[in-house]
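Q: Take this structure, written in structure tokens, and hold onto it; I'll ask about it next.
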Amino acid sequence: MIPRHLQITIALLLLAVLLTGIILIKLEQHEKAKTQAAELAPVALTAESKPEHIRILVAYDDDQALRWRDTDSPMPQDRALRAEEVLRAVLAQYTQLPSPHPLSRAAEIKEVFLVGDNTLLVNTNAAFADNHPSGITPEELTITSLIETVSANVPGIERVKFLVEGKERETLAGHMDLASFYDIKMVHDMAREFE
Amino acid sequence: MRWTEKLKFATAIALLCCAIPVLRAHEQSWYQVRPSPATSPPATVSPSPAAPQNELFVLLDPSHGGDDKGAVLGNHVLEKDVTLAFARAVRKQLLDRGVASRLLRDGDITISLQRRAEAANDPHVALYVALHAGRRIPGMRLYTPVLSLTTRDPGSFLSWPAAQQVSLKRSESIAQQVAKELGKENLSASVLAAPLRPLSNIVAPAMAVEISPEQGGSGALLNSDSERTPASALAAAIAVSRNQWSLRQ
Ligand SMILES: [Zn+2]
């Protein structure tokens, strides 16, 4: 006969496995729901989101300029999620038709990681970089509009680095450096050239 | 074993089982954000030693080439072809002015950014000029390198991402002088700063020059009164700024 303490242990183990399975399924469902929501709308509404007035910096290819645009969006309080939402709001301007700065419709911001208090890692999908138009100005407009928008809506971010599918890449499309960190002050200077 | 001890033992095992998937999930996300070792540049680059003045030359880099077409400039005009034609024209004009120069590529071949930087870190390169072409460029654009604060080094040993640090001030000064000289030729030139590769990996003074596709042709005139082409104007400006870039490092 199996000892009683072993019976209890096996029962608890089975319970732990069951709970872990349920948690993993829930997490997967949550991720799927998040992705679907991002595809449908530029800014996804989360339970902690509150409607907010935000400013996004949008690139215009016709006159090679960057202009602020005001919009109302539900914004989360968490800084990393907030950064993710504003970046998606900018990218949505470029992936829809008509677009002032057309990028691939498949381009996505996959996720954003906050490292410490002031460093942001932005992970994009392959389509964002692979299909990006090559050229100094188009690449600079994309990078500048994304980082300036984060800086305006997420206080305390001092540097940003882009990853593509979780990996470092040399350039966005042959010109702008993606291997280095972008200091916010340096990006402010770059943005001034497009005023 | 008492009942409470049995419960403690069982709880510990259950917690361990729960912890394993969580730890694995963390491990996966760490791998995702870690830069790929395959794309990481070499850790260090040695500063260029001093070279005799007569051996110094300007390295002209027709950007892109081979599989890397660069920008598509309309009507089947590719940036890689425009930059090569322009680089050849500038080399000829520099030769006419007694300035030694070499092309980093003289054909339609693929060269990685790392290989370009390695070639530019030859100790005899006095000035590195990357040539690009873009749409709707009024005049010429001169780009100076930008170094992230994160990559700047306080020490004397140069890291690969911050190799340009020793020459950054001179790069900016040369670009300003070249722009001024181009202005004298009625060719408007603006000096901008942008983090372009491989400028930051180069020890010598470095800049990128962006032209419009129309300027790439050697026959294009700057204005009706001048025999100067954009290539000859750029070569003349580079020759005039020789006092700055021919200095020993
Ligand atoms: Zn180019």
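Q: I'm told B:K80 meets every condition in (1) of a type in the set (D, E, K, R); (2) within 14 Å of another protein chain (Cβ to nearest Cβ); (3) away from the ligand (no atom under 16 Å from the Cβ) except one. Can you identify the failing condition by its number?
A: Single failed check for B:K80: (3).
Q: Identify all residues within region A:85-142 that are among the basic types (K, R) and either more than 14 Å from chain B (Cβ to nearest Cβ) or more than 13 Å from A:V164 (Cβ to Cβ) (or both); write none if there are none.
A: Across region A:85-142, the qualifying residues are A:R88, A:R105.
Yes/no matrix, rows are residues, columns are (1) outside any loop (DSSP other than H, G, I, E, B); (2) buried (at least 23 other Cβ atoms within 10 Å of the Cβ); (3) within 16 Å of the ligand (Cβ to nearest atom):
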| site | (1), (2), (3) |
| --- | --- |
| A:A106 | no, no, no |
| A:N123 | yes, no, no |
| A:E140 | yes, yes, yes |
| A:V160 | yes, yes, no |
| A:H188 | yes, no, no |
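Q: Does A:S151 qualify as being in contact (Cβ under 8 Å) with a residue 24 or more places away in the chain, assigned to a helix (DSSP H, G or I) and open to solvent by 20 Å² or more (accessible area, probe 1.4 Å)?
A: For A:S151, the condition - in contact (Cβ under 8 Å) with a residue 24 or more places away in the chain, assigned to a helix (DSSP H, G or I) and open to solvent by 20 Å² or more (accessible area, probe 1.4 Å) - is met.
Q: Identify, please: which residue in region B:59-77 is near the ligand (Cβ under 10 Å from one of its atoms) and at the interface with another protein chain (Cβ under 8 Å from one of its Cβ atoms) and is, among those, surrounded by the most Cβ atoms within 10 Å (Cβ to Cβ)?
A: Looking at the filtered set, the residue picked out is B:S63.
Q: Looking at region B:35-77 only, could you name the residues that are under 17 Å from the mean Cα position of the chain (by Cα) and modelled with pLDDT of 90 or more?
A: B:V58, B:L59, B:L60, B:D61, B:P62, B:S63, B:H64, B:G65, B:D68, B:K69, B:G70, B:A71
Q: Ok, one more. Could you tell me how many of the residues in region A:125-136 are part of a helix (DSSP H, G or I) and either under 14 Å from A:P155 (Cα atoms) or within 16 Å of the ligand (Cβ to nearest atom) (or both)?
A: Adding up the residues that qualify gives 2.
Q: When residues of region B:92-139 are filtered for being aliphatic (A, V, I, L, M), buried (at least 22 other Cβ atoms within 10 Å of the Cβ), over 11 Å from B:V58 (Cβ atoms) and within 14 Å of the ligand (Cβ to nearest atom), how many remain?
A: Qualifying residue count, region B:92-139: 3.
Q: I need the full set of residues from region A:108-121 which are of a type in the set (D, E), over 13 Å from the mean Cα position of the chain (by Cα) and either in a strand (DSSP E or B) or buried (at least 20 other Cβ atoms within 10 Å of the Cβ) (or both), in order please.
A: none
Q: Still on this model: Pairs, please: C-beta under 9 Å, at least 6 apart or cross-chain, first residue in contact (Cβ under 8 Å) with a residue 40 or more places away in the chain and in region B:104-116, second among the β-branched types (V, I, T) and open to solvent by less than 80 Å² (accessible area, probe 1.4 Å)?
A: Within 9 Å, the pairs are B:L104/B:I111; B:R105/B:I111; B:L113/A:T171; B:R116/B:I202.
Q: Now, a different point. Only one of (1) more than 12 Å from chain B (Cβ to nearest Cβ); (2) touching a helix residue (DSSP H, G or I) at 6+ places or on another chain (Cβ under 7 Å) is not met by A:G156, so which one is it?
A: The single condition A:G156 does not satisfy is (2).
The values are calculated or read from the model by the stated rules, or taken from the named source; none is laboratory data. Just so it is clear, the structure is predicted and the values come from calculations on it, not from any experiment. Here the Cβ is made from the backbone with ideal geometry for all residues, glycine too, and neighbour counts use every protein chain on show. With ligands, DNA and RNA removed, areas are computed over all heavy atoms of the protein, side chains included. Shrake-Rupley method; radii C 1.70, N 1.55, O 1.52, S 1.80 Å.
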